[in-house]
Structures are given as C-alpha cells and as structure tokens.
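Student: Attaching a single structure in structure tokens format; questions to follow.
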Amino acid sequence: SRMTLPPLPKSVAPLPPIQKRTTSHGTAHDLWKHFQERPLDAIFRPKSVALIGASEKEGSVGRTILWNLLSSPFGGTIYPVNNNPRNPHKSIFGIKSYQRMQEIPEQDPIDLAIIAVPARVVKSVMQDCVEVGVKGAIIISAGFKETGEEGAKLEKEILDIARRGHIRVVGPNCLGVMNPIGGLNATFATHIAKPGNVAFISQSGAMCTSILDWSLQANVGFSSFVSIGSMADINWGDIIYYLGDDPKTKAIAIYMETIGDARSFMSAASEVAF
C-alpha cells in the first residue's frame, strides 16, 4: 500500500518561495558569465586604444605611454587624444590626434581608453568614453581617494559613470597594464617586460618598476604585468579569474597592500588554485 506522510505540525512554517539569485558589483562573479563574456579582453587584448593625454612634451606621462604603445606594437590602432585647447598639434609622433574622443570616426570602435590627464578632468573624459562606447579603461591619473574626502567623492562619481556605460576600469593611480606576449605596453614604465608564463599583479607602482628592472636583468618573463592601483572597479578577484583562464599563465604572483573585497579574492584564488 502507498504510504502517506503526516501533515506538518501547525507550529512549522512553510518554506519561503525560492528567490531569483541576484548579483551585484563587489561580490564574486558568476563564473559561467564571467568566462563567456571575458570583458577584460578589451584591456589586455585591445584591437584599438585611445590615449587621452597624449603629448609630445618631453618627460610627460602621456608622451611615455604613447611611445611605449608605438615601440612595442600590439597589432591594433592607436588614437592620440589631447583635449588641451592650447595644443597646436594636429598630429603627435606623426599620428593624427584628436581633441575629443567623439572626433574619432564612428566606424572605429575603441576597446581601451588610457586616461592620463589631471584628476579634475577624468570625470568628463569618462563621460566621453561612455558616449563613444569604450569597453575598458585604465586610469593612470592620481588624486582620488588617496587624497581625502573630496578625492574619494570624485572617484565614486567617475566609477558611477563608468558602470552606467559598462566600462571596466583598472586604477586609478596606477602604472598601467602590460601583455608582453601580445606586445601591449599600456604603461609609463621605461621598458616592456619579457614574455613568460608568470603573471604579476601589484597595487604598488614602485614595486612594479622594481620587479620589472630585476626581471630584465635576471631574464625572467611574464604573461601579464599589472599595476592594479586603487582598485576602484577591477579588483583582485576580477584579475585572478581572468588570468586563471589564460592558457599562457601558469602562475600568478601578487604584491598586495590591501585586500579590498575579501570574498571575491578568496573565491577567485580557490577556484584558480584548484
């Protein structure tokens, strides 16, 4: 005979309905979505780069980054942007330059924007990035939350704009990003790292330059070389997940000053390690 279960006692409340799972920035990403979309490809493997703050001025960060992009070809297009109205140049290092990103032809989508302008200008530049559909950004500029309350407020405003445009951001206050295997040197370091199978991530730009100098002397190579800066958006977990899915990366070395989102870091580290 069929057995029937007794009814629940009145004191036992029924289970609540299953809620649809939601995700928010700052928690561990859904792995399937993360690996399928690979939004950080726009930063590590861009097909086109706009450098906002490009310059021919000797000793400037904008000149160094542009020279690095040119001297280590990554196989993509470079668009120098100098929004200084006093800039008389129509070209920089022989490349046509633009005063605003909106002047770049629409048929040329921009994967990566490297922002090397004073902090007070970064907000309007990020608005331009959203308007033209930029996918990823590296904010080299300093002068944000590390300077106090006003800087932190400005950083949040910039990040809010970037999120509305679905732009992933490295930085601010960072050296930049290298992909030595792909030939990308989106930093203001003096040299690009040699290619290898170890990825290096650091919050400290000074540590990046020290490790880079040592590696060139010791003939040690890297698959990626990342100065993560203040981690306003892209954090340890994002980078570890991304590099863990890179077949050219066999190990990840980290110089950490603050952990930030601990849950994201632990989730990514445990997933990649095993």
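The values are calculated or read from the model by the stated rules, or taken from the named source; none is laboratory data. Note that the structure is predicted; figures quoted are calculated from it, not measured. Every residue, glycine as well, gets a Cβ built from its backbone with ideal geometry; the counts of neighbours run over all protein chains shown. Calculation scope for accessible area: heavy atoms of the full protein, side chains included, ligands and nucleic acids excluded. Shrake-Rupley method; radii C 1.70, N 1.55, O 1.52, S 1.80 Å.
Student: Could you check, for segment 117-132, whether at least one of its residues is farther than 18 Å from A50 by Cα and not basic (K, R)?
Tutor: Within segment 117-132 (the criterion being farther than 18 Å from A50 by Cα and not basic (K, R)), the answer is no, since none of the residues qualifies.
Student: Out of the residues in segment 235-267 that are open to solvent by 40 Å² or more (accessible area, probe 1.4 Å) and of a type in the set (S, T, Y), which is modelled with the lowest pLDDT?
Tutor: Result: T258.
Student: Report, by residue number, each residue of segment 132-153 that is polar (S, T, N, Q) and open to solvent by less than 30 Å² (accessible area, probe 1.4 Å).
Tutor: Hit for segment 132-153 is S141, nothing else.
Student: Could I ask something else about it? Just checking: which of the strands (runs of 3 or more DSSP E) contained wholly in segment 187-274 hold 1 or more residues that are without any contact (Cβ under 8 Å) to a residue 12 or more places away in the chain, under 25 Å from T64 (Cβ atoms) and hydroxyl-bearing (S, T, Y)?
Tutor: none
Student: Report yes if I110 is touching a Ser or Thr at 6+ places or on another chain (Cβ under 8 Å), buried (at least 20 other Cβ atoms within 10 Å of the Cβ) and assigned to a helix (DSSP H, G or I), otherwise no.
Tutor: Criteria not met by I110.
Student: Output the residue which, of all residues in segment 162-202 that are of a type in the set (V, I, T) and touching an Asp or Glu at 6+ places or on another chain (Cβ under 8 Å), is surrounded by the fewest Cβ atoms within 10 Å (Cβ to Cβ). Explain how you work it out, then say what you get.
Tutor: As a first pass, look at segment 162-202 and keep what is of a type in the set (V, I, T): 167, 169-170, 177, 181, 187, 190, 192, 198, 201.
Checking the rest, the ones that are also touching an Asp or Glu at 6+ places or on another chain (Cβ under 8 Å) come to 169-170.
Values: V169: 24, V170: 30.
Checking each candidate, the answer is V169.
Residues checked against (1) open to solvent by 20 Å² or more (accessible area, probe 1.4 Å); (2) assigned to a loop (DSSP other than H, G, I, E, B); (3) among the hydrophobic types (A, V, I, L, M, F, W, C); (4) at pLDDT 95 or above:
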site: R63; (1), (2), (3), (4): yes, no, no, yes
site: L69; (1), (2), (3), (4): no, no, yes, yes
site: P73; (1), (2), (3), (4): yes, yes, no, no
site: N84; (1), (2), (3), (4): yes, yes, no, no
site: R120; (1), (2), (3), (4): yes, no, no, yes
site: V130; (1), (2), (3), (4): yes, no, yes, yes
site: K156; (1), (2), (3), (4): yes, no, no, yes
site: D160; (1), (2), (3), (4): yes, no, no, yes
